[in-house]
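Here's the structure we're looking at; comments come further down.
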Amino acid sequence: MADILTTFALAALQVVFALVSAPLLIGIMRKVKARFQGRVGSPIIQPYIDLQKLLSKGSARSFVASFIFTIAPVAGFVSVAAAALALPLLSPAPAIAAGIVVFIYLFAIGRFLTALSGLDAGSAFGGMGSSREMLYSVLIEPALFAVILLVATSGSVDIAPLAPDFASWQALASTPAYWLIAIALFIAVLAETGRLPFDNPATHLELTMVHEAMILENSGPDLALIEWASAVKIFLFFSLMGILLLPGGLQASILWPAILLAFCIALGVFVAAVESISVKVRLFKVSELLIFSLLLALIAFLTRIFVAKPDGDGWLQTLLALAMLLTAIYAIFSLTFRDRIKLYIVQSICLVIILLQITLANGGEGMNYLFLLAIAAFKIIIIPFVLYHSTSWGMKLMPLQFYLRFGEAQKKFKLDLEADPLFMSAPMTTSRALVYAGVLVTLAFAVSSVLGGTTIMLPLSVSLILIGMLIIASKTHLLLQLLGFLMMENGVVLLPYALHVNMPFIGEVVTLFDLVILVRITLLLSFKMKETHGTLDTKQLVELAEKR
Amino acid sequence: MLELVILPPLLAGALAFVFHRQPRQVEAIAFAGACLAALFAMLSVNAFLGTETGFRDFYGIFYMDAVSGFFSIITAVVACFIFLYSVGYIRHEVKEGVVEKGQIGLYYGLLSFFLAAMLTATLAAHPVVMWAAIEATTLASVFLISFYQTSSSIEAAWKFFIINSVGILLALAGILFLMFALIPSGATTGGNWDALMALHEAPNLLFLKIAFAFILVGFGTKVGLVPLHVWLPDAHSQAPTPVSAILSGLLLNIAFYGIVRSYQVVAPYDSMVQFASGLLIGFGLLSLAIGALRIYFQHNIKRMLAYSSVENMGIVTLAFGLGGPLGVGAALFHMASHSLAKPLAFFASGITAFAFNTKEMPYIRGAAQVIPLVAIPFVFIAAGLAGSPPFGTFLSELGVLAVSLSSGEMLIAAALIIFTTIAFASLLYRVSSMCFGPAPSGMQPFSPSLTMMASFAALLAFTIIMGIMPPSQFVHLLELAVHAIAG
């Protein structure tokens, strides 16, 4: 009997803790955003005052609304409060061992009913908000779910920290995988809680609302419950991040609620800062961002389960190789040509640092360092410079143009890359390309682990090669294909160092030489193609296609 | 001495760029470079045949043994004929105003560099140097393909460039995997071909298989194996005719050389031969089928010949996959015969195209009356491409058939017979409908230039002699190469 009483008391305490802390969190976030905007902002306890104000008023309900409009706020509030029971907020064990699946889908109840109530009031904006909210949930839920599942180590759906004690947490936090997980979780949580860049909670323009439009018609206690519920939702998701990412030993201590609250507040400040500097992404980019977070979680998962040689590479090499892979994946997004060149520069810098470290460790002679210097010069300075200025006077650096009589062509027009209307066109949408990227990376890791006896650099470099090929296949602009090829070539240069194979010096020199000539030839060809075809869109290269 | 094989075309290329304002000198320099390369190649092969052991030269960068000797001698000798034909061809194009006089230096310069890169690939001692040389052939030939600078030739050059570069990069990854799988870590063996072939450690077989697959797909792109062949018809049809000849006749061989060497390295390990054979036979059959079927449907004469190249390289790959001394021998001999017959066919097609001022076969009729000395042999050459005597392709296709029948692969034998027959019929139909019948009215009589006719006749004579009575040294070289590969 006493058992049951203590269980109930603990559960009630947990819910109260969540309900009381959530408006504080919201207040702090609003204050930070206000400071960013140069205002003083409302006091931190303002959300409490708002709630009290709303609760003391009466509700106005549309006469066409049904019972859904009445029960939706209450049901949403109750489901969120129930979800508070599923997290270990006060003690290592949650009040209800519900698992992650129940946790996430409890919020779905509230969302479903609120969407219906938005339609219920019969106003146009309500329906618009509901449909947008549903679209977002379709995009968000699988990604959030997959991220959480990839993150879980226990092999079950229980919500448990990634690192059970402080020592293993230290080991985990020093791997890049941990930070990738953190970023992936962060993006997914931002999406689920409806913060910028996914949705602006402070907007007063109905056409830009997603969540707010649904609840335009609610007032008084209904609105109080809804606002409170969304605040608790934010608190609970931040707590989820804290539970997963913080060392497990902290949960056993008596100060755990305070630690969790502090973590949530810190995270809230960070989120407010991120919100203040970002803009709302367009609707079709929502899925791109979420698939990107999914990819990050996937890569983190793969690097954690990959069994490498015991005397493998240093953490710096792994980190840099991961950075190279991530820049390649980021290049799948729609970026300007010059941004892509910057990505390539970052990738080449990582490559040169890796090569330098390996050469230092293996004690190379002066020739090797000379070669490294040549690689650095070409990949970091010369080739990006030529590409950057290929729109204008960079072409004058090409002596072959004298023979190929590009002079007149050059005077007639410039390679206007940024304004080329077909610049961003691709036969494959970014989301689909990102999914393929995930498949390719998984393939590379799977094959590498089957082969056995290699370090983690092997799957990373093979993934880089495959992602380079994906970029070539997914873009139709000639120069974007060239950049994909250059990234693929970075991966191939990394491969012998990943495999500890000794390439002969002359092979390295000639490879570098080939690369240089390759870039020049591509630029010349692109120039000629612009002249003859008027565009650099390779979809237009159909003259030689055979007709049946 | 091996460096003397590569130095003449390399120097000739550089000089061609320097003296690009004097076309006569440039032509002479380029042709001299090719002939010197052939001379030194024959001398090097002679030196090899004297001792019958492979040797390295010039700081160990180059390596000559039976296989590299076989490939390099074919490349160097046929290239001479192609350079001679180029002289007449380019002069004609300049006269017609299609090509600027200032472009002649560019053409011969790039062509000589192309030849030098091909020879370097065959003679390289280290796989990565061979790879770099093959990449260099891609780079040198891009502007040769887009030489006419029309929109379709630029398109062909871009396709050729991007597909081949990506393929070759995969081949490099395969080579690196190969070296990783074979050389135990920490060993100081150089990784040259002879060192790799001398290794006998039991490696990670799965890694080895992946390495070979990457190399086959990568170099197979350059050989023109279906379904990686999509650049081939475009590139070979848009380029000037001598460039098409050298691409079809010689470059495909060089790419295949990469596959041959890798096969030689991995074959001693158990279960690799079955794996490699399976892949090779699969690709070979596919290329044979698709190439043969597509020949009939072409309107452009050079596109038709390009698909014939795909079909022939399919037969080579198939024979190589079937393995054994007879299979490998048939593959190598077919490759050599194809290297002689295909440039011949391209020479004839070039002259025909000049005579009729078009490359579209429906518009070419009655060539036997306009250019009898070229058209009649053209019919026989077309038959020879599909495997009729007195060309060497007859013997080699017979050999492939024999291998497939004796090893019980009835389906392969049936496929071989069916598709070579289809290719034969299509080629013969197309070429004879071009040759026979009345010429279009108002046809100007056409006499091809001396150099074009001379190179055509010389190559024709050479091909017939090689088909009927190949020199014993060549046969001996072939035997040694087969022995080195298939034991």
Per-residue mean of other chain beta-carbon atoms within 10 angstrom of the beta-carbon, peptide A:478-489?
2
Full extension between B:Phe19 and B:Ser433 adds, at 0.36 nm per residue less the Cα distance, a length in nm of 144.7 nm
Dimensionless Rg/Rh of chain B, both radii on Cα and Rh by Kirkwood, sits at 0.96
Highest mean first, how do A:258-267, A:125-134 rank when packing is the count of other Cβ atoms within 10 Å averaged over residues?
A:125-134, A:258-267
Distance from the range A:507-530 to the range A:45-123 (C-alpha centre basis), Å
61 Å
Simple spin-label estimate for A:Ser42/A:Thr70, 7 Å along Cα→Cβ, in nm, reads 2.9 nm
Compactness of the range A:98-199, expressed as Rg and Dmax over alpha-carbon positions, Å
17.0, 57
Listed pairs A:Lys379/A:Lys530; A:Lys280/A:Lys379; A:Lys280/A:Lys528; A:Lys31/A:Lys280; A:Lys280/B:Lys159; A:Lys342/B:Lys209 exceeding 32 Å between Cα atoms:
A:Lys280/A:Lys379; A:Lys280/A:Lys528; A:Lys280/B:Lys159; A:Lys342/B:Lys209
How many nm is it between the label spots at A:Leu373 and B:Tyr148, if each spot is 7 Å from the Cα in line with the beta carbon?
4.8 nm
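If R0 is 60 Å, what FRET efficiency do you get for A:Asn362 and B:Gln369 from their C-beta distance, rounded to 0.05?
Working: r = 72 Å, r/R0 = 1.20.
It comes out at approximately 0.25.
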Can you compute the helix-only [θ] at 222 nm over chain B? Use -39500 (n - 2.57) per DSSP H run of at least 4 residues, normalise by all residues, nearest 500 deg cm²/dmol.
-26000 deg cm²/dmol
Counting only C-alpha contacts under 8 Å and six or more residues apart, can you give the relative contact order of the range B:72-175 as a whole percent?
23 percent
With no solvent and one equal point scatterer per Cα, compute the Debye intensity ratio I(q)/I(0) for the protein assembly as shown at 0.06, 0.08, 0.09 Å⁻¹ and report its log10, rounded to two decimals.
-0.56, -0.86, -0.99
What is the list of residues in the range A:1-40 whose amide nitrogen lies under 19 Å from a point 7 angstrom out from the Cα of A:Ala93, following Cα to Cβ?
A:1-15
Largest-first ellipsoid semi-axes for the range A:220-285, taking √(5λ) over the Cα gyration tensor eigenvalues, angstrom:
26, 19, 11
Short version: what are the Cα gyration tensor semi-axes of the range B:133-220, square root of 5 times each eigenvalue, largest first, in whole Å?
35, 13, 8
Quote the FRET efficiency, to the nearest 0.05, computed for A:Arg35 versus B:Val230 with a Förster distance R0 of 60 Å and r equal to the Cβ-Cβ distance.
0.50
Could you give me D for the range B:139-178, from Stokes-Einstein at 4 °C and 1.567 mPa s, where the hydrodynamic radius is the Kirkwood radius over C-alpha pairs? Units µm² s⁻¹, please.
119 µm²/s
If R₀ is 51 angstrom, what is the calculated FRET efficiency for the pair A:Val138 and A:Val509, using the beta carbon separation as r and rounding to 0.05?
0.40
For the range A:45-160, shape from the Cα gyration tensor axes a ≥ b ≥ c, cut at a/c of 1.5 then a/b versus b/c, turns out oblate
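Quick check: from the Cα gyration tensor, does the range B:321-360 come out rounded (a/c under 1.5), prolate or oblate?
Prolate, because a/c is 1.5 or more and a/b exceeds b/c.
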If each residue of separation counts as 0.36 nm, what is the full-extension length gain between A:Val279 and A:Ile382 once their alpha-carbon separation is subtracted?
33.6 nm
Whole-number D in µm²/s for the range B:294-421 (Stokes-Einstein; Kirkwood sum over Cα pairs; 10 °C, 1.306 mPa s):
104 µm²/s
Ranked packing of B:1-10, A:107-116, A:481-490, most packed first, by mean Cβ within 10 Å
A:481-490, B:1-10, A:107-116
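Coordinate-derived values only; no laboratory data. As the structure is a computational prediction, the values presented were derived from the model and not from experiment. Neighbour counts run over all protein chains shown; Cβ positions are idealised from the backbone, glycine included.
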